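None of the figures in this text is laboratory data; all of them are computed from the coordinates on show. As the structure is a computational prediction, the values presented were derived from the model and not from experiment. All Cβ positions, glycine included, derive from the backbone under ideal geometry; neighbour counts span all protein chains shown.
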Amino acid sequence: MPKTLIEPFRIKSVEPIRMTTRAERIELLEAAKLNVFKLRAEDVLIDWLTDSGTGAMSSRQWGAIMEGDESYAGARSFYRLEGVIQNITGMRFFVPTHQGRAAEKVLFTAVCKKGDVVPNNSHFDTTRANLEYLGIEALDLVIGEGLQPATIHPFKGNIDLQRVEALLKDRGAQIPFGMLTVTNNSGGGQPVSMANIRAYAGLLKKYGKPFIMDVCRFSENAMFIKMRESGYANTPIKTIVQEMFSYADGATMSAKKDGMVNIGGFIVLRSEEWMDAVRNVLIMTEGFPTYGGLAGRDLEALAIGLEEGMQEDYLRYRLRTAEYLGERLEAAGVDFVKPTGGHAVYIDARTVLPNMPMQHYPAWALCNALYLEGGIRGVEIGSVMFGKRLPNGTETYHSMELVRLAFPRRMYTQSHFDYAGEVIAEVKEKADSIRGVKITKQSQFLRHFTCECAWV
Ligand code: F0G
């Protein structure tokens with residue numbers, strides 16, 4: 001057997017990307033206030049800002065788009081997608097939303113109250129923001145290994161069950177439900193084991209609390225279970241997925257990831273109990289429950305994308321892609337969260353810039369350096385994203401300083417990854433010349449999206 005794992009597709013439609021010079025990139029980044037979110041995408045060569053909504057759809061999905069039923073109420077496309085989601089999740093009550101954060105907003109508004117506390121392995125930034133905005137505490141309880149980039153563990157996304165139980169005992173009355181993010185995006189795209197899902201569900205059940213999963217990347221998580229957890233090597237992905245869902249009472253999903261679409265999300269629940277409240281908020285903010293902020297064509301593309309995202313040859317290639325870039329970084333002596341995650345590689349900026357003080361935001365600085373060196377756009381997952389400026393002017397810092405390179409699905413080929421490996425190695429060589437930043441303007445929530453910076 002040849003050992004190269006190829007892209008399991010061929011390219012039917014192409015989109016040109018554009019090289020820029022280093023001098024141009026310096027000007028462009030300065031005009032963007034040293035915040036890569038403010039760059040124009042056409043000025044980026046390899047856009048690994050996010051794997052969310054950026055992937056390539058298949059010819060089958062594009063074909064299905066023509067079949068979209070755009071009726072306001074009761075569209076055929078809704079029922080088709082509902083059938084697919086009921087089959088995958090084993091849950092009956094489904095509403096679409098325009099994306100993941102809308103699903104969060106609708107669910108939290110419908111069922112949580114001020115003063116509540118929600119445990120999770122790690123809340124994604126929008127999940128945390130949507131909870132905090134409602135006066136709810138978002139508590140991250142990932143296992144210790146999940147916070148140590150260099151520690152190898154097969155399931156670094158697992159939640160710490162002892163801390164969960166302590167919380168259930170101490171503050172049970174304040175907990176509306178427990179959450180679990182698969183894969184654990186903020187913690188390095190790391191998977192959660194089936195054993196951990198099962199045990200967490202059992203604990204929540206013991207204390208009478210529902211279990212809600214954030215399932216943006218459920219297929220990638222299932223593939224990790226197949227590859228790493230004993231007893232699953234010969235289990236079909238869909239069966240693994242169905243078992244994962246069997247332990248949950250509900251889920252929120254950003255379909256822009258493993259749904260293989262450019263826009264979409266949903267809430268799915270096992271019981272009807274919360275559905276009246278969910279539908280009321282949904283109608284106010286997203287739309288009628290059979291379209292929830294999406295067009296009929298989006299529902300069609302998602303119905304196909306959910307199934308395509310569970311194909312094993314695709315998932316094997318997908319996880320191998322991240323691992324391949326990891327091998328290139330290893331060779332260049334650049335540290336990253338190990339093992340590599342499903343959708344992304346997370347560079348440990350503190351090992352590239354060991355001497356840069358935290359107040360100069362090392363991960364943000366590295367992110368800027370990758371753009372300047374090779375036109376690559378990643379995203380900082382560090383103290384700009386998760387730190388806070390306190391009213392007294394001091395800052396809190398995040399426990400990790402990472403740069404995430406997240407890979408759009410079915411979009412970049414092996415040579416793009418080889419190029420990126422070379423750029424990162426160059427940046428590491430020149431680490432001494434990388435400049436830190438200070439924040440000159442910021443908002444109270446999710447400041448990384450819009451903040452303005454200057455060189456220090
Ligand atoms: N939950 C997780 C784990 C996510 O990764 C995201 C989005 C969301 C919820 C929100 O979904 O974007 O559709 O509203 N993550 C993207 C990212 C934005 O780049 O990781 P959304």
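Considering only Cα-Cα distances, which of the following residue pairs are longer than 24 Å: Lys388/Lys441; Lys156/Lys257; Lys114/Lys438; Lys169/Lys205; Lys113/Lys169; Lys105/Lys257? Could the numbers behind the result be given before it?
Working: Lys388/Lys441 13 Å; Lys156/Lys257 20 Å; Lys114/Lys438 34 Å; Lys169/Lys205 13 Å; Lys113/Lys169 19 Å; Lys105/Lys257 18 Å.
Violating the 24 Å Cα-Cα cut-off are Lys114/Lys438.
Relative to the compact-globule estimate of 2.2 N^0.38 Å, the Cα radius of gyration of the range 59-308 comes out at 0.97. A Förster radius of 56 Å, combined with the Cβ-Cβ distance separating Glu7 from Asn280, puts the computed FRET efficiency at roughly 0.80.
Each Cα pair under 8 Å and six or more residues apart adds its separation to the average, and for the chain the resulting relative contact order is 23 percent. The range 349-367 and the range 172-212 have Cα centres spaced 32 Å apart. The Rg/Rh ratio for the chain, using Cα coordinates for both the radius of gyration and the Kirkwood hydrodynamic radius, is 0.95.
Helix 76-89 and the longest principal axis of the C-alpha atoms of the chain enclose an angle of approximately 80°.
3J(HN,Hα) couplings calculated from phi for the range 251-265 with the Karplus curve 6.51 cos²θ - 1.76 cosθ + 1.60 (θ = phi - 60°) are, in sequence order, 8, 10, 9, 8, 6, 6, 9, 6, x, 6, 10, 8, 8, x, x Hz; Gly and Pro show x. Relative to the longest principal axis of the Cα atoms of the chain, helix 312-332 runs at roughly 30 degrees. Applying the criteria of a DSSP loop state and at most 12 other Cβ atoms within 10 Å to the trypsin sites (Lys or Arg not before Pro) of the range 406-456 yields Lys430. Annotation: extensible slack from Ser415 through Ala41 equals 132.6 nm (criterion: 0.36 nm per residue apart, minus Cα-Cα distance).
In summary, the range 1-120 shows an alpha-carbon radius of gyration equal to 1.56 times the 2.2 N^0.38 Å reference for compact globular proteins. Taking a ≥ b ≥ c as the square roots of the eigenvalues of the Cα gyration tensor, the range 239-295 is oblate, since a/c reaches 1.5 or more and a/b is not larger than b/c. Among beta bridges identified by DSSP and lying wholly in the range 203-339, the antiparallel ones come to about 60 percent.
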